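The values are calculated or read from the model by the stated rules, or taken from the named source; none is laboratory data. Please read these numbers as outputs of a predicted model, since none were measured by experiment. Methodologically, a virtual Cβ is constructed for each residue, glycine included, from the backbone with ideal geometry; neighbour enumeration extends over all protein chains shown.
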Amino acid sequence: MRPPAATFAAGLTTVQLGLPDYSRALHQHELYCNTLTECGLSLIRLEPDGEFPDSTFVEDTTLLTERGAVLTRPGAASRAGEVDAIEPVLLDFFPALRRIDPPGTVDAGDVCEAGNHFFIGLSRRTNEAGARQLATFLNEWGYTSSLIDIREMSNILHLKSGIAFLRSGIAFLGDNRLVAIDELARRPEFRAFELISVSPSEEYAANCLSVNGRVLVAAGFPLFEEELRKSGLDVIALEMSEFQKMDGGLSCLSLRF
């Protein structure tokens, strides 16, 4: 993960929630890091990068799988340099990195892993050329994938803004549970899943994070928290207000592998 830089407020956003408070963003990011550690993860902490205001959202730069990794090509031109900055770090773990080439664009926030299947969102940031390149790489590694068109959905930026696959248990095994906002839950592609719905008033909370049997959620969404707890999930709520102002969610702030 990479903490927000002092230029964070100059980043891209589609919402009108005001400018983020930088000191509060740093505090929220540190709590996020500490929580991942408490959940059993070891962390690679990168330095802030003021040249790229959105660089704290490291997830968009790369898709990491157990069988290989793909450097993306973000749909926002201002973020291209973030991929070059993350590449040397990842080469220590994935020496044979693949890469999305022009005219393709992919933000990894549009890619939701569900076991051995990947849902790839076509969005304002991920185009069909990029999605098909990514699907080819995944197929070579033995994964299946399908494309989900969310370009007409004005309420979410990325596919994972509105959907999350939940895995639980010590063995970190898939149990077929999917969190989804109403508009995505109605899609036929998700009929095979046990759906946990998100109230329209709490759609931001759909971007949650499943880590070693615990589910991290954005604080301030009590209906969603209660729905998860009723499903027997161990929930940790984290303040995300400053990242919400910049279109960011819990999954955006880390690359997990």
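Report, by residue number, each residue of region 7-34 that is of a type in the set (Ser, Thr, Tyr) and either at pLDDT 95 or above or buried (at least 16 other Cβ atoms within 10 Å of the Cβ) (or both).
Listed by number, the residues that qualify are THR7, THR13, TYR22, SER23, TYR32.
Exactly one of (1) charged (D, E, K, R); (2) touching a residue at least 40 places away in the same chain (Cβ under 8 Å); (3) farther than 23 Å from TYR204 by Cα is unmet by ARG24. Its number?
(3)
Kindly provide the set of residues from region 93-111 that are out of contact with any helix residue (DSSP H, G or I) (no Cβ under 6 Å at 6 or more places or on another chain) and either β-branched (Val, Ile, Thr) or buried (at least 24 other Cβ atoms within 10 Å of the Cβ) (or both), ordered by number.
Residue satisfying the conditions is VAL111 alone.
Determine, yes or no, whether PHE52 is surrounded by 14 or more Cβ atoms within 10 Å (Cβ to Cβ), closer than 25 Å to LEU26 by Cα and of a type in the set (A, V, I, L, M, F, W, C).
So PHE52 passes the test.
When you look at PRO4, is it more than 30 Å from ARG132 (Cα to Cα), in contact with a Pro (Cβ under 8 Å, 6 or more places away or on another chain) and buried (at least 21 other Cβ atoms within 10 Å of the Cβ), yes or no?
For PRO4, the condition - more than 30 Å from ARG132 (Cα to Cα), in contact with a Pro (Cβ under 8 Å, 6 or more places away or on another chain) and buried (at least 21 other Cβ atoms within 10 Å of the Cβ) - is met.
Spot the failing condition for THR37; the list is (1) crowded, with 17+ Cβ neighbours inside 10 Å; (2) without any contact (Cβ under 8 Å) to a residue 60 or more places away in the chain; (3) closer than 21 Å to ALA219 by Cβ, and only one is missed.
Condition not satisfied by THR37: (1).
Which of the residues spanning region 65-88 are farther than 15 Å from ASP54 by Cα and more than 16 Å from the chain's Cα centre (by Cα)?
Hits for region 65-88 are GLU66, ARG67, GLY68, GLU87, PRO88.
Working carefully through the options LEU238, LEU209, LEU233, find the one that is touching a Phe, Trp or Tyr at 6+ places or on another chain (Cβ under 9 Å) and either basic (Lys, Arg) or surrounded by 15 or more Cβ atoms within 10 Å (Cβ to Cβ) (or both).
Checking each option against the conditions leaves just LEU238.
What helices (runs of 4 or more DSSP H) completely inside region 162-257 contain at least 2 residues that are without any contact (Cβ under 8 Å) to a residue 24 or more places away in the chain?
Result: 182-185, 222-230.
Can you tell me which residue among ALA131, ALA135 is part of a helix (DSSP H, G or I) and under 17 Å from ARG187 (Cβ atoms)?
Numbers: ALA135 fails: under 17 Å from ARG187 (Cβ atoms).
Result: ALA131 is the single residue among ALA131, ALA135 that is part of a helix (DSSP H, G or I) and under 17 Å from ARG187 (Cβ atoms).
Report yes if some residue within region 99-113 is farther than 22 Å from ARG79 by Cβ and either in a helix (DSSP H, G or I) or not aliphatic (A, V, I, L, M) (or both); otherwise report no.
Checking region 99-113: not a single residue is farther than 22 Å from ARG79 by Cβ and either in a helix (DSSP H, G or I) or not aliphatic (A, V, I, L, M) (or both).
Given (1) in contact with a helix residue (DSSP H, G or I) (Cβ under 6 Å, 6 or more places away or on another chain); (2) more than 15 Å from CYS112 (Cα to Cα), identify the lone condition not met by SER145.
That leaves (2) as the condition not met.
If GLU152 satisfies every condition in (1) touching a helix residue (DSSP H, G or I) at 6+ places or on another chain (Cβ under 9 Å); (2) within 17 Å of GLY75 (Cβ to Cβ) but one, which is the exception?
(1)
Kindly indicate which of GLU203, GLU183 is more than 30 Å from ARG67 (Cβ to Cβ), of a type in the set (D, E, K, R), under 16 Å from the mean Cα position of the chain (by Cα) and surrounded by 14 or more Cβ atoms within 10 Å (Cβ to Cβ).
Details: GLU183 fails: under 16 Å from the mean Cα position of the chain (by Cα).
Result of the check over GLU203, GLU183: GLU203.
Given the options GLU47, GLU87, name the one that is modelled with pLDDT of 95 or more, among the charged types (D, E, K, R), out of contact with any His (no Cβ under 6 Å at 6 or more places or on another chain) and part of a loop (DSSP other than H, G, I, E, B).
None of the others qualify; the one that does is GLU47.
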